[in-house]
Every structure is written in C-alpha cells, then in structure tokens.
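Asks: Below: one structure in structure tokens.
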Amino acid sequence: MAETKENAQAQPEVEILDSDFAPVSLDELASEVIDTPKYSYWKQVAKKFFSNKITILMLVIMTVIILMSFIQPMFSGYSLTSTKGINDFSARFNWPSAKYWFGTDKDGKSLFDAIWAGGRTSISIGVISTVITTVIGTIVGAFWGASQKMDRIMLEVYNVISNVPTLLIIIVMSYTLGSGFWNLIVAMTCTSWIGTAYSIRVQVMIQRDREYNIASRTLGTPTPKIITRNILPYLTSIIVTQVSLSLPSFISYEVFLSFLGVGLGQNVPSLGRMIQDYSQYMASYPYLFWLPVAALALITIPMYIVGQNLADATDPRTHM
C-alpha cells in the first residue's frame, strides 16, 4: 500500500494547454435534426400492400375485369332487346370457339358480350351501394359513438333493424319500389348502413376516451373537429375492411335478386339474370351456366382479397 502511494507521488503531472483543444461552431439547424428514419404512412401502406404477390395477382385480375366490364360493352353494343342473330339458326348454341370465344345462346347472341355487359351492371350496383352505405354509416357511426344521447336512440333502432334479415328487407323493398336500377340500390342501402354505423360506433367509443381526446374536450374543442381530426384517421383500416366486405356482398345480393327476377328491369343485362336464364341448360349446354358463374367468382373473390390485404396494410400496427 505504501509502495502504491509512493509510485503515485513519483508520477509527473501532465500539463493541459489551451492549444490541445479545437473550437467547434454551433450549428443550430443540425441540432434540430431528428436522428430517426423518416416515416411516411402512405409509403408504408404501399410497401406493405405490394409486398404480397397474391395481392398483386388479384389486383391485376380485378383491374382487367373492371376495365373489360366498362370498355367492352361500349364497342359490342350488346342489348337484351337486340334481334341480331335471332333469325339465324346456325348462330344458336355454338360452343366456345375461335369465332365465339364464350359460345352463343338460344338467340344466337354472343355470351362473351353478354357476360361483360352483365358484369358492368353488377359492379356498378355494388360500387354505388358500397359508397352510399360506407359514407352514411361512417358519418352516423362517428356521431353515434361520440354522443351518449344519440347512443340511447340509435341502439334501439339498431336492435329493431338487426333482428330482421337484411335479404328479407331488400326483397320487400324491391317489390315495394318496383324494378329499376336505382330502385334496387335504394332497396339495398336503406338499412344496410346500420351495420357499418354500429361497427364505427364501437371503434369511436374506444378512441373517444383516450387521454388526448379527453384533453381536447376539456379545452373546448368541438365534437365534429375531434371526430374528424383525432378519431377517424385511426379508423382507416376499419373503414377499408367494411368496404371490402360490403362490395362483394352487394354484388352477390344483386345476382341473387336477379336470379329471382326481382330488382332490375327486364331490359337490363345482369349476371344474376344470365345465371337464372341459363340454369335450364346446365346439362345440355353447361358453358351457358358455368361461364357466368366463373365471371361472378372472378369479380367478387379478387375484390375481397384485395380489400382485406388493403385493410391490413392501412393498419399502422402492421408497419414495422
């Protein structure tokens, strides 16, 4: 111990001079830079969405189907009231070939043209009904979840409507309003928005009691501003999920109602009407029945898969 003290005393002291230090200038802009990767919500959504090869395949199929459904009928001029081919017996019941890609029906009309014309009607009804249902359901659901007074009233309305099968309501409304494109849309959307509104209501009730929303209410922030700025942006994935479920459902409703002969007029081409008309040829000319069914599957399945994957991509919790 004594030797250690003697060695420490024997070591010479190191003299520190000012020349050993170099002055460093202060960069005020550099001090404000955050040393973390830049995060972009929509870039992360795109990265997550396009990272799935199945999603890309379904998106391509869906895009081709939609484009064909809206562009091809413009050139074919297909119409249920057209007399083209009716008097030509050689054009009837031709199986799919190089001349008739999807074959012809009992009137000699091209099934290829009929499918795309029917697909345009089904997609249009599904998209318009989904937009109406989503917009109304989101607005009503947002205020429903934020207002306790409105919650008491809307819960009773929801309990009454939800206990009646949706398809039954649509059928009754279709018979009441009569056949027609817009009448069918009104019949399908008159009560369908209540389910979307209830889902949004539950999510809004979860978000409204978070600390920053309580603080906003304490500071006097109006309820509409809290809903649009603080709550709805967090519900993007929920809304997209509702859209992905509603769109195929409305298309299926239209096909089923057209199969029953309810909703659309007799002169409006539809996949459901085609399936109903050609079901009698399932054994003799099966292509007349199964090709419209396959077209319906190619419309609804890709829409559902793309919608579900887009809902996952818009969820911030999946952005790693």
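Asks: Is it the case that segment 272-288 has a residue that's assigned to a helix (DSSP H, G or I), crowded, with 22+ Cβ neighbours inside 10 Å, within 20 Å of the chain's Cα centre (by Cα) and of a type outside the set (Gly, Ala, Ser)?
Replies: For segment 272-288, residues assigned to a helix (DSSP H, G or I), crowded, with 22+ Cβ neighbours inside 10 Å, within 20 Å of the chain's Cα centre (by Cα) and of a type outside the set (Gly, Ala, Ser): absent.
Asks: Here is a list of conditions, (1) closer than 15 Å to Ser122 by Cβ; (2) touching a helix residue (DSSP H, G or I) at 6+ places or on another chain (Cβ under 8 Å), and Gln242 meets all of them except one; can you say which number that is?
Replies: The one condition Gln242 does not meet is (1).
Asks: Does Met173 meet the test of being surrounded by fewer than 20 Cβ atoms within 10 Å (Cβ to Cβ) and either touching a residue at least 60 places away in the same chain (Cβ under 8 Å) or part of a helix (DSSP H, G or I) (or both)?
Replies: yes
Asks: Out of everything in segment 294-320 that is part of a helix (DSSP H, G or I) and free of Cβ contacts under 8 Å to residues at least 60 places away in the same chain, what residue ends up being farthest from Tyr278 (Cα to Cα)?
Replies: Selected residue: Arg317.
Asks: Another question, then. Might you check whether a residue that is part of a loop (DSSP other than H, G, I, E, B) and more than 24 Å from Thr189 (Cα to Cα) occurs anywhere in segment 248-266?
Replies: No.
Asks: Taking Arg229 as the residue in question, decide whether it is among the basic types (Lys, Arg), under 25 Å from the mean Cα position of the chain (by Cα), under 27 Å from Leu247 (Cβ atoms) and in a helix (DSSP H, G or I).
Replies: When the stated conditions are applied, Arg229 does not pass them.
Asks: Looking only at segment 102-153, which residues are outside any loop (DSSP other than H, G, I, E, B), out of contact with any Pro (no Cβ under 8 Å at 6 or more places or on another chain) and small (Gly, Ala, Ser)?
Replies: Ser110, Gly119, Ser122, Ser124, Ser129, Gly137, Gly141, Ala142, Gly145, Ala146
Asks: Residues of segment 195-224 being more than 17 Å from Gln148 (Cα to Cα) and either of a type in the set (Asp, Glu) or under 25 Å from the mean Cα position of the chain (by Cα) (or both), which ones?
Replies: Across segment 195-224, the qualifying residues are Gly195, Thr196, Glu211.
Asks: With the requirement that a residue be farther than 14 Å from Val255 by Cβ and surrounded by fewer than 21 Cβ atoms within 10 Å (Cβ to Cβ), what does segment 110-130 give you?
Replies: Within segment 110-130, Phe112, Val127, Ile128 qualify.
Laboratory data are not the source of any read-out in this text; all were calculated from the coordinates shown. Fair warning: this is a prediction, and the values are worked out from it, not measured in the lab. Every residue, glycine as well, gets a Cβ built from its backbone with ideal geometry; the counts of neighbours run over all protein chains shown.
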